[in-house]
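Novice: Structure in structure tokens, see below.
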Amino acid sequence: MTYTDLVFDLYGTLVDIHTEENDLVWEKTALYFGYYGAHYTGEALKAAFTAAMAARKAGAGQSYECFPDIPFEQVMAELFRAGGITEHADVLGVNAAQLFRIASTEYLRLYPGVPEALAALRARGFRLWLLSNAQQVFTAYELRSLGLGGQLDGIYLSSDYGCRKPDGRFFRALLEERRLDAGRCLMIGNDRETDIAGARAAGLATLYMHTNLTPSDQAAADPALAVGRTAGRHYEFEGSDWKQLAKLIGAL
């Protein structure tokens, strides 16, 4: 086996999701704030959130690999305090973050064949890791609802580490904490700029999936780099057919 460890992105790779963070979602969230005495309009809450998030990101610095990730719930708690509510602000911030996510989610589902693919890959001896640009406050619960948590050897969410892909620090957190050999790790993701470029810079082999959630400005998969057709350390796959992809990975 060339690779011992498979590192997965989540959204757009294993999970298909659609969210709409529209004005109605902000109005509903503002209503929740008002229940506890912090009065915002939806528009004012959105503006305050955007400003608070920008200020925290700016405070993270400007180093060449600075891609900060700020916990969503901390900003919500900050807005409760700004609205005069200090008691239980942290708990209210978590609740508001989860309410916002639920209200903005139109659908959340696994791509077809994912559970079977993960089981098959593990049966072949691979260790399975998740490395996702995601918020722990709602992604951890989404993983539970999808039944994914128990199929993975470890879950790394960017909000827990204060940085996100393609930041090398996020990749190193996984490699160093789990004592993995980067040369024997294969990163699988649907974004050329975050998943693929970041992983390659960190020394991992890469597999780019061009799915419905890949940014629209990124190219489709190159057939010349299809899994099984190239002897290099970068592969490409069109679509999200995990039944087929698992077989191809298992043969590497």
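What follows draws every value from the coordinates through simple rules; no lab data is involved. The model shown is predicted, which means the values in this text are computed figures rather than measured ones.
Novice: Could you work out the relative contact order of the chain, using alpha carbon pairs under 8 angstrom and six or more residues apart, expressed as a whole percent?
Specialist: That works out to 24 percent.
Novice: Please identify, among GLN135, GLN218, GLN98, the residue showing maximal mean-square fluctuation in a Gaussian network model of the chain using a 10 angstrom Cα cutoff.
Specialist: Result for the chain, Cα springs under 10 Å: GLN218 fluctuates most.
Novice: Give me the distance between the Cα centres of the stretch 12-39 and the stretch 178-212, rounded to whole Å.
Specialist: 31
Novice: Which of the three applies to the stretch 113-203, rounded, prolate or oblate, going by the alpha-carbon gyration tensor with a ≥ b ≥ c and a/c under 1.5 meaning rounded?
Specialist: oblate
Novice: Which distance in Å, rounded to a whole number, links the C-alpha centroids of the stretch 89-132 and the stretch 41-59?
Specialist: About 26 Å separates the Cα centre of the stretch 89-132 from the one of the stretch 41-59.
Novice: Multiplying the sequence separation of THR50 and LYS28 by 0.36 nm and subtracting their Cα-Cα distance, what value in nm do you get?
Specialist: In short, 6.2 nm is gained.
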